[in-house]
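As C-alpha cells, the structure follows; a few thoughts come after it.
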Amino acid sequence: MSELDIEGAGRVGTELVRLVRLIERAYAQHHAEHPDGVDRATYVLLVHLVDGGPYRSSALAEAVHSDPSTVSRQITQLVKLGLVRRVSDPADGRVVLLVATEEGERVLAENRRLRNEGIARMLAHWPAAEREQFAALLARFTTDFEQFKAASSSRP
C-alpha cells in the first residue's frame, strides 16, 4: 500500500466541507423561495421511488440508510402532498408498496431540470473536456466513498 497523502486529503476535505455548506445554503434559499413542503431528507425518498420504485417501506429505509420509523413519517408527508401513493403488491395483496405519483415524477423532473440548468450555466465557461473529466472524477470519488463507508460499517 502506498503512503497516505494526508495533506492532499486535507485539501479535498476542506473543499468538500465548503461545497456541502454551499449546497445546504442554496437548498435553503431555494426552499424559502419555492416552498413545496418537501425537506431534503424526504426528497431523497422521492428520488428513490421515481428512479427505482416501487418499494416496500422497509426496503426503502434500507436503500436510503435510514430508520424505518423515520421513513414512515416522511412517506406520510409525501402521500399528503400527493407525490407518493400506497398500493397493494400484485404478488402479495397483504404487502403495501410505495409508488411515486405522476405529480411526484413531475416535481422531481422539474427540480432536476432546474438543478441541471444551474450547473450547466455555472460550468459553461469550462472546456468540454474538463467538464467530462470533472464528472468522471466526481463519480469515481462518490463510488469510492460509498464503498469505503460500506466496508467501514460492516467491520466489527
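Table for the structure above
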{"quantity": "Residue that is surrounded by the fewest Cβ atoms within 10 Å (Cβ to Cβ) [pool: residues in the stretch 25-54 that are under 20 Å from V95 (Cα atoms) and touching a helix residue (DSSP H, G or I) at 6+ places or on another chain (Cβ under 6 Å)]", "calculated": "H48"}
{"quantity": "Candidates R106, R86 - the one that is assigned to a strand (DSSP E or B) and closer than 18 Å to G52 by Cα", "calculated": "R86"}
{"quantity": "Lone unmet requirement of (1) open to solvent by 60 Å² or more (accessible area, probe 1.4 Å); (2) farther than 21 Å from F145 by Cβ; (3) at pLDDT below 95; (4) not in a loop (DSSP other than H, G, I, E, B) for L22", "calculated": "(2)"}
{"quantity": "Number of the exception - N111 against (1) in a helix (DSSP H, G or I); (2) open to solvent by less than 60 Å² (accessible area, probe 1.4 Å); (3) more than 20 Å from H34 (Cβ to Cβ)", "calculated": "(3)"}
{"quantity": "Filter result for the condition that a residue is touching a strand residue (DSSP E or B) at 6+ places or on another chain (Cβ under 7 Å) and basic (K, R), over R121, R86, R113", "calculated": "R86"}
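Every residue, every condition in (1) touching a strand residue (DSSP E or B) at 6+ places or on another chain (Cβ under 8 Å); (2) loosely packed, with under 12 Cβ neighbours inside 10 Å; (3) part of a loop (DSSP other than H, G, I, E, B); (4) on the phi < 0 side of the Ramachandran plot, yes or no:
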site	(1), (2), (3), (4)
L78	yes, no, no, yes
G82	no, no, yes, no
L97	yes, no, no, yes
E130	no, yes, no, yes
E146	no, yes, no, yes
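The values are calculated or read from the model by the stated rules, or taken from the named source; none is laboratory data. What you see is a predicted model; the values in this text were computed from it and never measured. Here the Cβ is made from the backbone with ideal geometry for all residues, glycine too, and neighbour counts use every protein chain on show. Note: areas computed on protein heavy atoms with side chains; ligands, DNA, RNA excluded. Shrake-Rupley method; radii C 1.70, N 1.55, O 1.52, S 1.80 Å.
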